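These notes concern the structure reproduced below.
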Amino acid sequence: MQSVFLEDIDAETYAAYVTQPHATVIIPTGATEQHGPHMPLGVDAMLSRAIAGVVAGKLGALVAPTFSYGYKSQPRSGGGNHRIGTTSLSGSTLIGQVEDVARSFIAQGFTKVVILNGHFENYQFVYEGLEIAVGSARSAGLDARAMLLSYWDFVDEETLEKVFPDGFLGWDIEHGGVLETSLMLLLHPEKVDMSRAVNHPPAQLKSYDVFPEDPARTPASGCLSSPIGASAERGQLLLDAVTNGVAGAIDAEYRLSVESLAAG
């Protein structure tokens, strides 16, 4: 196949791929969410799709079209759902969409389904949708398995030390900060305007939430930490760590290398 992206492939080529013993589909999930004045609303979807593409190239997998809407942005991880541009799904809607799409891929013959998450708030709802889809398929006698991964969980300590030489302040304030901005500068540099990057101290977040949301609890910029210091070079360090880690995890669970050798 000339492309790892499903939407680029004709139906006959796709059908032939699904019959291969190593056939694996990776579904990226993201969000439409503000990421400060220096980056676009599609960051989460763009990054999960790009990372999935690199991983698929390593494993001979296919990448499905991206879930570009996610669960509601929360103040302590995404700046809050009240922010202009952030356009979200309810939990039940996201669960249903994941269930439907996973069921469809399984019904078409995929026994190896992966969701690569790029939006923190999605995780538990994607988990529920996958669990329902796989459980239903196995009850019907289908051989189905699925994996759920968030890409940032594969950034190791050595990489963090290189990307944050002055010390890593924590994942809870990385929204719109150095990590996402560095990856965007590497993968989509034309979509980043560092002249508009904010330079303020990291957000001082509470250990609880209030309803309705209080906009004053998070920086007006929408960024929970400053992206100053982000670079494509740091993005490459992050991308290498993430794609190697994600590919290794998928390969270990699904034994793709062994199956690919056997198929060959």
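At a glance:
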quantity: Residue ranges of helices (runs of 4 or more DSSP H) in the stretch 177-264 with at least 1 members at pLDDT 95 or above; calculated: 178-187, 232-254
quantity: Pair list, Cβ under 7 Å, 6 or more apart: the stretch 44-63 residue among the polar types (S, T, N, Q), other residue assigned to a helix (DSSP H, G or I) and at pLDDT 95 or above; calculated: SER48/TYR151
quantity: Some residue of the stretch 156-169 being under 30 Å from VAL113 (Cα atoms), open to solvent by less than 40 Å² (accessible area, probe 1.4 Å) and in a loop (DSSP other than H, G, I, E, B); calculated: no
quantity: Cross-chain or 6+ apart pairs with Cβ under 7 Å, the stretch 11-31 first and in a helix (DSSP H, G or I), then open to solvent by less than 10 Å² (accessible area, probe 1.4 Å); calculated: TYR17/ALA23; TYR17/LEU62; VAL18/PHE110
quantity: Test: residue in the stretch 131-147 that is buried (at least 20 other Cβ atoms within 10 Å of the Cβ), under 16 Å from the mean Cα position of the chain (by Cα), of a type outside the set (Asp, Glu) and outside any strand (DSSP E or B); calculated: no
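Residues checked against (1) touching a residue at least 60 places away in the same chain (Cβ under 8 Å); (2) open to solvent by less than 70 Å² (accessible area, probe 1.4 Å); (3) farther than 21 Å from LEU183 by Cα:
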residue	(1), (2), (3)
ALA197	yes, yes, no
HIS200	no, yes, no
PHE211	no, no, yes
ARG217	yes, no, yes
ALA220	no, no, yes
SER231	no, yes, no
ARG234	yes, yes, no
ALA241	yes, yes, no
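The values are calculated or read from the model by the stated rules, or taken from the named source; none is laboratory data. Keep in mind the model is a prediction, meaning the values are calculated, not measured. Note that we place each Cβ from the backbone using ideal geometry, even for glycine, and neighbour counts take in every protein chain shown. Accessible surface is based on the protein model in full, side chains and every heavy atom, while ligands, DNA and RNA are left aside. Shrake-Rupley method; radii C 1.70, N 1.55, O 1.52, S 1.80 Å.
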